[in-house]
Amino acid sequence: MDETQKLLSRKPILAALQGKVPKSIPIWLMRQAGRYLPEYREIRKQRRSFLDLCYSPELAAEITLQPIRRFGFDAAILFSDILVLPDALGQKVWFEEGVGPRLIPVSPRDPLNPAALDNLYDNENYKLKTVYDAIRIIREGLPAGCTLIGFAGGPWTVATYMIEGGTSRSFEKIRHWAVTDPTSFEKFMAVLVEATSLHLIGQIEAGVEAVQIFDSHSGILDEEGFEKWIVEPTKKVVAQVRNHFSQIPIIGFPRGAGTKLLSYINQLEVQGVGLDQYVSCKWAAENIQRVVPVQGNLDPIYLLSDIETLYRKTLDTLSHFGGNPYIFNLGHGVIKETDPKTVEFLVKAVRDFEVN
Ligand code: CP3
């Protein structure tokens, strides 16, 4: 066994992303760190704002490792947020208790200046440095078999927050801009493509071992929009990252893409694709997993159901994907009302599952 193979056998997530089928199915959960954990809520009290927490390397590292200690997941996901990027670019971003993210919106009349890119790494104490410092601390405390995953939002998804000024129901502002003035929208997206690539490269340099691109709002685009604003920009991000790190595993997560997942995996060189709970397991096993390792897709709501239902749904998911390259995950993040004991049960159910 050469060094790389040894490393892979010790890290089941990396093995799965290489197309292998580890003995026991690897598992991590989106939003595995966060408000459902009492130890997170305890640390959360130490900082007035959520962004402050994201920019405190020691605390962000500690929060990243909390669910690893408690549940022994196969991957740690960096504790941060997709909205540190607009913040680091100079847009005003804040999180309101009970509301979610708020931003002073950019618009076609007041677009993002490409010079904003200079803000990312403008002096010795640039904001994103704290994120990269957190990564270095995490790597020191990471258990041997555990993979550290970095992330960014897909350019389209980050753009929705930047233009809508927060979470949106109808996404009318961004869709209006994209269809009425595609030329200026394209320029705006180009800045985000650049910023996203730089931030992923910064994370990899600091020590993350795989990255995930969260395109949480790819589901609001029609086929043409999906090609233009999800596939094309993500292709550019992947190419830039690969230019610097040819081997780094990339997981794409175009949430809500449905059958457009086919176009996504055929055009993007990703090592894994995240599936949301709306995709049929049978369809995805036949059409997606045949081409690329998959990750997902239990509906997080079952962590709030009775234990028999959770168990049945978990086994159903595992039996569709288990025999082929696969990482168990939810279809979206852990809901904050989830009981940590239920997560413990889920991890055990996945660990005990025998692939035949
Ligand atoms: O454990 C992990 O998954 C790592 C950390 C992580 C967070 N956000 C922490 C967080 C990750 C990977 C994200 C990604 C993220 N952030 C996405 C993509 C995934 C998805 O959920 O679709 C999006 C869209 C965001 C933007 C965002 N951040 C929203 C809409 C919200 C408010 C809604 C909510 O769930 O509270 C956040 C806040 C946020 N990000 C929290 C955490 C732990 C809650 C902050 C708090 O403590 O109050």
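Read-outs: derived from the displayed coordinates by stated rules, not from any lab. Everything numeric in this text was worked out from a predicted model, so none of it was measured. Cβ placement follows ideal geometry from the backbone for every residue including glycine, while neighbour counts extend to all protein chains displayed.
A few comments on the model shown:
- Note on the stretch 181-228: among residues that are in contact with a strand residue (DSSP E or B) (Cβ under 6 Å, 6 or more places away or on another chain) and small (G, A, S), the one that is nearest to D87 (Cα to Cα) is S218.
- The stretch 74-94, residues that are in contact (Cβ under 8 Å) with a residue 40 or more places away in the chain, out of contact with any strand residue (DSSP E or B) (no Cβ under 6 Å at 6 or more places or on another chain) and within 11 Å of the ligand (Cβ to nearest atom): F79, S80, V84, L85
- Matching residues, the stretch 70-120, being among the β-branched types (V, I, T) and farther than 30 Å from D352 by Cα: I82, V84, V93, V99, I104, V106
- Residues satisfying the stated conditions in the stretch 43-52, i.e. part of a loop (DSSP other than H, G, I, E, B) and closer than 25 Å to L120 by Cα: R47, R48, S49
- Residues in the stretch 150-183 that are more than 30 Å from G207 (Cβ to Cβ) and among the hydroxyl-bearing types (S, T, Y) were compared, and the one that is nearest to the chain's Cα centre (by Cα) is T167.
- Residue list for the stretch 5-56, filter: more than 23 Å from E354 (Cα to Cα), among the hydroxyl-bearing types (S, T, Y) and away from the ligand (no atom under 12 Å from the Cβ): Y55, S56
- Against the test of being over 21 Å from H332 (Cβ atoms), out of contact with any Phe, Trp or Tyr (no Cβ under 6 Å at 6 or more places or on another chain), touching a residue at least 24 places away in the same chain (Cβ under 8 Å) and aromatic (F, W, Y), the options Y55, Y36 yield a single qualifying residue, Y55.
- Across the stretch 313-356, the number of residues qualifying as assigned to a helix (DSSP H, G or I), more than 14 Å from the ligand (Cβ to nearest atom) and either among the basic types (K, R) or in contact with a helix residue (DSSP H, G or I) (Cβ under 8 Å, 6 or more places away or on another chain) (or both) comes to 18.
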